[in-house]
Structure formats: C-alpha cells, structure tokens
Amino acid sequence: MSSKPQDDPEFGLTTTFQPPTASRQVRRVLLRVTEGPDEGAQIQVSRSRLTIGRASVNDLVLGDTSVSGVHAELLVDRRGILLRDLGSTNGTLVQGVRIREVWLDPGLNIQVGKTTINFLAADEIDVPLSRSDHFGALYGASTAMREVFAILERIAGTEMSVMIHGETGTG
C-alpha cells in the first residue's frame with residue numbers, strides 16, 4: 001500500500017503543489033485476475049473511473065457469486081490510483097488487509113470475494129505540457145489545461161478545425 005496523500009488531522013487533506021514541467025508521466029495500468037472463476041481475465045485501466053463487480057454494468061465483470069453487484073471502483077487522477085470499496089457485502093482486501101479506500105502501487109493483490117486481482121503497471125508515457133498558462137483567450141494553469149494547450153499548440157499550425165466545448169466557465 002502506498003503512502004500517497006494523507007489526511008492531516010488538524011487541516012484535512014494534504015495538498016502537494018508541483019512546479020510546472022515540460023511533461024508529466026502517466027502510468028497505464030492493468031488489472032489481471034489471477035485466482036477465481038474468471039482467472040486470466042484482464043482489463044487495462046484507460047479512464048478516470050473503473051468499476052469491478054458481478055453486475056453487467058461494471059468495467060471488470062466477475063462471475064464470482066461472493067462478489068457484490070458493484071463491488072469496488074478505481075479512481076485515477078494526477079496523484080495516482082485509488083481503490084475504493086463501494087459498501088460490498090464481503091469487503092475488499094489489498095495484500096490481505098481489509099480496506100475502505102487505499103492508494104495502489106503496482107504489484108499489489110486485490111481480493112474481492114474469492115477472486116484475486118493483480119494490479120500491474122503496463123507502461124509509462126510522457127504527456128507533453130505547454131509551458132504557457134494560456135492559449136489565445138483561454139486561460140488555465142492546471143496540468144489538465146496545459147495538456148490541452150500543448151495539443152492546441154501542435155495543431156494550430158495546421159489547416160485542422162478545432163472546437164472547444166464545455167460548460168460556461170470551464171474554458
């Protein structure tokens with residue numbers, strides 16, 4: 001289990017600020033079922049939320065009857081990957097320890113019901129970031145906006161049309 005962001009008892013969640021960089025590394029990860037009825041099944045974590053459970057609405061659907069309908073979720077953000085139990089009947093264990101939520105490191109084993117899932121690092125990629133906090137009339141200093149600005153900077157010199165869409169105030 002990882003020692004990523006921790007709660008400070010006096011002030012709440014600890015926030016770490018990082019200086020602007022030319023790129024950031026994004027780790028692509030893989031979930032592989034190593035024990036249980038679905039042994040050999042695997043899924044690459046490719047979005048910000050992935051659910052695990054018996055119901056067909058999940059991203060990783062398991063046939064294990066001791067797994068809840070929607071058992072657990074993985075949440076991906078700039079800090080890492082958080083595993084959260086969603087109030088399952090039999091609980092979620094990481095390395096044999098029952099958890100409510102935990103930051104994951106590659107190589108850890110997750111147990112849901114009678115199923116063991118290995119959390120693996122597939123690879124790391126560098127995502128370029130703009131050195132600027134604006135592009136035209138758009139402003140944003142966050143890593144996410146600087147990723148968008150880097151894409152816009154690359155295609156600005158082409159004949160390609162671009163539409164930026166979002167709620168009022170998001171761009």
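Quick notes
- Pairs with Cβ under 8 Å, 6+ apart, first in region 28-44 and assigned to a strand (DSSP E or B) and at pLDDT 95 or above, second surrounded by 14 or more Cβ atoms within 10 Å (Cβ to Cβ) and of a type in the set (Lys, Arg): GLU35/LYS114
- Test for ALA150: is it in a loop (DSSP other than H, G, I, E, B) and modelled with pLDDT under 95: no
- Residue match in region 112-122 (condition: buried (at least 19 other Cβ atoms within 10 Å of the Cβ) and at pLDDT below 95): yes
- Long-range neighbours under 8 Å by Cβ, at least six apart or interchain, first residue in the same structural domain as ARG49 (by TED's automatic domain parsing) within region 97-113, second assigned to a strand (DSSP E or B) and among the aromatic types (Phe, Trp, Tyr): LEU104/PHE119; ASP105/PHE119; PRO106/PHE119; GLY107/PHE119; LEU108/PHE119; ASN109/PHE119; ILE110/PHE119
- Of the residues ARG84, ARG54, the single one that is surrounded by 14 or more Cβ atoms within 10 Å (Cβ to Cβ), under 24 Å from ALA144 (Cα atoms) and free of Cβ contacts under 8 Å to residues at least 60 places away in the same chain is ARG84.
- Every residue from region 134-145 that is within 17 Å of ARG79 (Cβ to Cβ) and assigned to a helix (DSSP H, G or I): THR143, ALA144
The values are calculated or read from the model by the stated rules, or taken from the named source; none is laboratory data. Not measured: the values here are computed from a predicted model. As a convention, Cβ positions derive from the backbone with ideal geometry for all residues, glycine included, and neighbour counts pool all protein chains shown.
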